[in-house]
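Asker: Here it is: the structure, laid out below.
The values are calculated or read from the model by the stated rules, or taken from the named source; none is laboratory data. Since this is a predicted model, take the numbers as computed values, not measurements. Here the Cβ positions follow ideal geometry from the backbone for every residue, glycine too, while neighbour counts run over all protein chains shown. With ligands, DNA and RNA removed, areas are computed over all heavy atoms of the protein, side chains included. Shrake-Rupley method; radii C 1.70, N 1.55, O 1.52, S 1.80 Å.
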Number of protein chains: 2
Amino acid sequence: MKKNLLLTPGPTQIPPYLCAELGKPIIHHRTPQFQQAIKEVIDGLKFVMQTKNDVFLFASSGTGAMEASVCNLLSAGDKAICVEGGKFGERWTEICKAYGVMPVVIKVAWGKDVNPQELKKVLDANKDAKVVFITHCETSTGVTTNVKAVGEIVKDTNAVLVVDSISGLGVVDLKTDEWHADVVVSASHKGFMLPPGVSFVSVSPKAYKLVEACKTPRYYFDFRKAKKAIEKIDTPFTPAIGIIIALQESIKRFKTEGLDPIFNYYAKLAKGARAAAKALGLTLFPDESCMSNALTTINVPAGIDGEKVMKIMRDTYGVSVAGGQGDELKGKVIRMAHMGCVDEYDVLTGISCLEKVLKELGYQFTLGSGVAAAQKVFNE
Amino acid sequence: MKKNLLLTPGPTQIPPYLCAELGKPIIHHRTPQFQQAIKEVIDGLKFVMQTKNDVFLFASSGTGAMEASVCNLLSAGDKAICVEGGKFGERWTEICKAYGVMPVVIKVAWGKDVNPQELKKVLDANKDAKVVFITHCETSTGVTTNVKAVGEIVKDTNAVLVVDSISGLGVVDLKTDEWHADVVVSASHKGFMLPPGVSFVSVSPKAYKLVEACKTPRYYFDFRKAKKAIEKIDTPFTPAIGIIIALQESIKRFKTEGLDPIFNYYAKLAKGARAAAKALGLTLFPDESCMSNALTTINVPAGIDGEKVMKIMRDTYGVSVAGGQGDELKGKVIRMAHMGCVDEYDVLTGISCLEKVLKELGYQFTLGSGVAAAQKVFNE
């Protein structure tokens, strides 16, 4: 009877009605029936992304679509600005380097958001930069970037804004067109409550000009092939059929419930988790101003090993949260995700289990104060 | 009550016990539990591939792993020999061209196998060719390449032999090490009876020397990252967790039943389908000598449109076979696959449905002669 609750920032839990979709017999992908699935998925993604841009589907996890955004926009020797405020920001720089692109790195202290004015300065000093890469929800730290503020600055330059919203889409607002996010990258295993294996990318006309000029070799992730295919409601290569079929169902939720109610829902879960942590006498890692609603990053009390907390929660009690990443945070924080298929009771379970383990490890606090604080928020 | 039978050369049917695996709750990938899955899958793949080489897993469909085999082995300006006997052979050439690799193309007439002596001549004339690309089971034509004969020739040269066995592995024998197949590419949705979304690649030490020397930019499909990760029983990026979990179960069949009985099983299905076609007065497209056991390619009688046959079988009766591809074969053949989760009764169903539709379209033959001929083979 051990719990099996995933409060990790990807993969996220799959609700039973989507498990059932994933367990259905397969259909062939070059059929009118599967074309209908592609159509609904693309329409639904455009709705969630709040965009009229083209949306492409790839059979890959999120990093594949990040690489696609580099190798379709930039050629060796090109300059790009990479905003690095955590592990996933660093990934943009790594991919750029792998392709011989010259990254101009804006280092943002972990737990803080990029300062738009600093970005403006860097853009002014690097007028030849072709792309600005940012991370919408930086899950390594628990920060949500102010994409709107960044977009306001980038839109008036020649640079194309590329947003990794793998952990943000469907959880935190992202007005792709209104905020001038030229390329948005996301994937199936976070806000969409499905297994990893499908990634999606929206591409604006401004970005598409770079695609056409780009000289980098590419094939599987080639946006030109993807565009040609999607115009015929097809994919250039065999798609991840099973997940796309289930995505049809997953996406319905966004149209049925509406985007704002869903974003408010996750905001409330995050508010509850934060209140609980504070009631336990714990502090939160990110700055209050940029704290993400997709996950809550809690500082583990001094003298307690965060890796141990995470492992006991997972292995003894079946409640999975994430530990800290990198030298900065390993052993120092736990990260509790709210994205995807998570509700108030799951947050309470996570906090309850955290209380139990902290007590076992000798941390002094009033047992039950965390769950009580979260409960109060949820009943507001 | 319409049938939903997939006799297509990928995706193939998913048996109910694997549908059930795919419908299970997800687990996190950075856990001891998932490491156990990776370990079992890699061990199982080495068993089916008959290799001691490293095996890497990617979240992609087969073409991603084909691209990986190009971009990890070859740099722009390098020379490679591409054997083209159908659509999938042509894909090797296309990928090479996308990467600025100079392909030396050996055109093989559709329906025939490459002549090893011709390959030897081309290798002698191109001693600087770094790779030879072949297709194990060319599903566009229904031919199985004699990989053993090719391997005997390539092994004594500096070139590395890369085999696309996406449609062959687990269906038709492939002795990777014994036959000197340096790189073997395959995927989850054919012999392994799962949805598309996971690809695998085995890499020999001879091939690995090219990987280290290769200057082509790469990230998601980088064999060096994959090697480092697999040594720690991990994947460099988020894997397609759901399919890998199910792959654990799918692979057990090969160890339980043994490889030769499985290859003989598919050989019998193919023999039955061929006998049925002949009994109906139809001819087979590929040469008898290289006819694949993974699928049977049947010439549609003159005056009958093969696309129509395929569509009526699928849309009216729910029995999916594939039509012909390219100018060479579109409308001229139907392709009935035997790979994956197919049994004698499925072949009978396919033949029975083909008989029904051919009769409707006015073709003259003795109704029932096809299924009777197949039945005789199955009861031999």
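Asker: Under a GNM of chain A (C-alpha, springs under 10 Å), which listed residue has the highest mean-square fluctuation: A:I27, A:I262, A:I243?
Answerer: A:I27
Asker: Now, a different point. Just the accessible area for A:Y363, please: 1.4 Å probe, Å², rounded to the nearest 10?
Answerer: 40 Å²
Asker: Give, as a single signed number, the net charge of other residues whose beta carbon lies under 11 Å from the beta carbon of B:G62, with Lys and Arg counted +1 and Asp and Glu -1. Walk me through the intermediate numbers first.
Answerer: On the way: positive: B:R91, B:K190; negative: B:E67, B:D164.
With Lys, Arg at +1 and Asp, Glu at -1, the neighbours total 0.
Asker: Please list, in chain and number order, the residues 5+ apart from A:V104 or on another chain whose amide H is under 5 Å from its amide H, with Hs placed from the backbone.
Answerer: The list, which skips near neighbours in sequence, is A:A80, A:I81, A:C82.
Asker: Return the single residue from B:L295, B:L174, B:L123 with maximal mean-square fluctuation; model: Gaussian network over chain B, springs between Cα atoms under 10 Å.
Answerer: Comparing B:L295, B:L174, B:L123 in the GNM, the peak value goes to B:L123.
Asker: Distance in nm between label sites at A:T316 and A:D177, each 7 Å beyond Cα in the beta-carbon direction?
Answerer: With each label placed 7 Å out from Cα toward Cβ, I get 5.3 nm.
Asker: Okay, next question. Provide the packing ranking of B:282-290, B:213-221, i.e. peptides ordered by the mean count of other C-beta atoms within 10 Å per residue, highest first.
Answerer: Numbers: B:282-290: 16.2, B:213-221: 20.3.
Taking the mean over residues of other Cβ atoms within 10 Å, the ranking is B:213-221, B:282-290.
Asker: Using Cα springs under 10 Å in a Gaussian network model of chain A, which residue among A:D346, A:D78, A:D260 shows the largest mean-square fluctuation?
Answerer: Taking springs between Cα atoms under 10 Å, the residue moving most is A:D260.
Asker: Can you list the residues, at least 5 places off or on another chain, whose amide H is less than 5 Å from the amide H of B:V160, using H built in the peptide plane?
Answerer: B:V131, B:V132
Asker: I would also like to ask the following. For B:L57, B:L367, what's the largest-to-smallest order of accessible area, 1.4 Å probe? Could the numbers behind the result be given before it?
Answerer: On the way: B:L57 15, B:L367 110 Å².
Correct descending sequence by accessible area is B:L367, B:L57.
Asker: Now for a separate question. Going down the list B:K330/B:K376; A:K107/A:K155; B:K2/B:K359, which pairs span over 26 Å between their C-alpha atoms?
Answerer: Values: B:K330/B:K376 31 Å; A:K107/A:K155 21 Å; B:K2/B:K359 20 Å.
Violating the 26 Å Cα-Cα cut-off are B:K330/B:K376.
Asker: How much net charge surrounds A:G324 when only the other residues with a Cβ under 9 Å from the Cβ of A:G324 are counted, with Lys and Arg +1 and Asp and Glu -1?
Answerer: Working: positive: A:K330, A:K332, A:R335; negative: A:E307, A:E328.
Residues near A:G324 contribute +1 overall.
Asker: Report the Cα centroid-to-centroid distance between region A:305-321 and region A:120-139 in angstrom, as an integer.
Answerer: Taking the Cα centre of each part, region A:305-321 and region A:120-139 sit 37 Å apart.
Asker: For labels at B:N115 and A:T31 in the simple 7 Å Cα→Cβ model, what's the distance in nm?
Answerer: 4.2 nm
Asker: At a probe of 1.4 Å, how much accessible area disappears from chains A and B on forming the pair, both sides counted, to the nearest 100 Å²? Mind showing how you got there, number by number?
Answerer: Working: alone 15390 and 15360 Å², together 27170 Å².
Roughly 3600 Å².
Asker: If the reach is capped at under 14 angstrom between alpha carbons, list the aspartates and glutamates near A:K130, excluding any in the same chain fewer than eight residues apart.
Answerer: Leaving aside aspartates and glutamates fewer than 8 places away in the same chain, those within reach of A:K130 are A:D78, A:D156, A:D182, A:E212.
Asker: I would also like to ask the following. In Å², what does the accessible area per residue of region A:16-256 work out to with a 1.4 Å probe? Mind dumping the intermediate values first?
Answerer: Numbers: 7880 Å² over 241 residues.
With all protein chains present, region A:16-256 gives 33 Å² per residue.
Asker: Sticking with this one: Please determine, in degrees from 0 to 90 and to the nearest 10, the orientation of helix B:306-315 with respect to the longest principal axis defined by the Cα atoms of chain B, where the helix direction is its Cα long axis.
Answerer: The answer is roughly 90 degrees.
Asker: If the cut-off is 16 Å between C-alpha atoms, which lysines fall inside it for B:K225, apart from same-chain ones fewer than 8 positions away?
Answerer: In chain and number order, the partners are A:K97, B:K209, B:K215.
Asker: In addition: Anything over 21 Å Cα to Cα? Flag those among A:K39/A:K255; A:K24/B:K271; B:K206/B:K228, in the order listed.
Answerer: Numbers: A:K39/A:K255 15 Å; A:K24/B:K271 31 Å; B:K206/B:K228 18 Å.
Result: A:K24/B:K271 exceed 21 Å.
Asker: Right, another one. Taking a ≥ b ≥ c as the square roots of the eigenvalues of the Cα gyration tensor of the protein assembly as shown, is the shape rounded (a/c under 1.5), prolate (a/b larger than b/c) or oblate? Each step should come with its number before you reach the end.
Answerer: Values: a/c = 1.91, a/b = 1.61, b/c = 1.19.
Here the protein assembly as shown falls in the prolate category.
Asker: Per-residue mean of other chain beta-carbon atoms within 10 angstrom of the beta-carbon, peptide A:21-33?
Answerer: Values: counts 2, 10, 10, 4, 8, 15, 5, 9, 6, 4, 5, 3, 2.
Whole-number average of other-chain Cβ neighbours for A:21-33 is 6.
Asker: Would you please give the FRET efficiency between A:A149 and A:A302, computed as 1/(1 + (r/R0)^6) with r the Cβ-Cβ distance and R0 = 35 Å, to the nearest 0.05? Before the final figure, lay out the partial values.
Answerer: Details: r = 35 Å, r/R0 = 0.99.
That pair, A:A149 with A:A302, gives E of 0.50.
Asker: Quick one: putting +1 on the C-beta of Lys and Arg, -1 on the C-beta of Asp and Glu, what dipole do you get for the protein assembly as shown around its Cα centre, in Debye to the nearest 20?
Answerer: Dipole of the protein assembly as shown, to the nearest 20 debye: 0 debye.
Asker: Taking the Cα centre of each part, how many Å lie between region A:1-68 and region A:235-260?
Answerer: With region A:1-68 and region A:235-260 each reduced to a Cα centre, they are spaced 5 Å.
Asker: When the helices in the protein assembly as shown are scored as -39500 (n - 2.57) per DSSP H run of 4 or longer and the sum is shared across all residues, what 222 nm value do you end up with, to the nearest 500 deg cm²/dmol? Display every interim value, and only then the final one.
Answerer: Values: 28 runs with 320 residues, N = 760.
Value at 222 nm, helices only: -13000 deg cm²/dmol.
Asker: How much of the accessible area of the protein assembly as shown, probe 1.4 Å, is carbon plus sulfur, in whole percent? Working shown, then result.
Answerer: Values: 14130 of 27170 Å².
With neighbouring chains kept in place, the figure for the protein assembly as shown is 52 percent.
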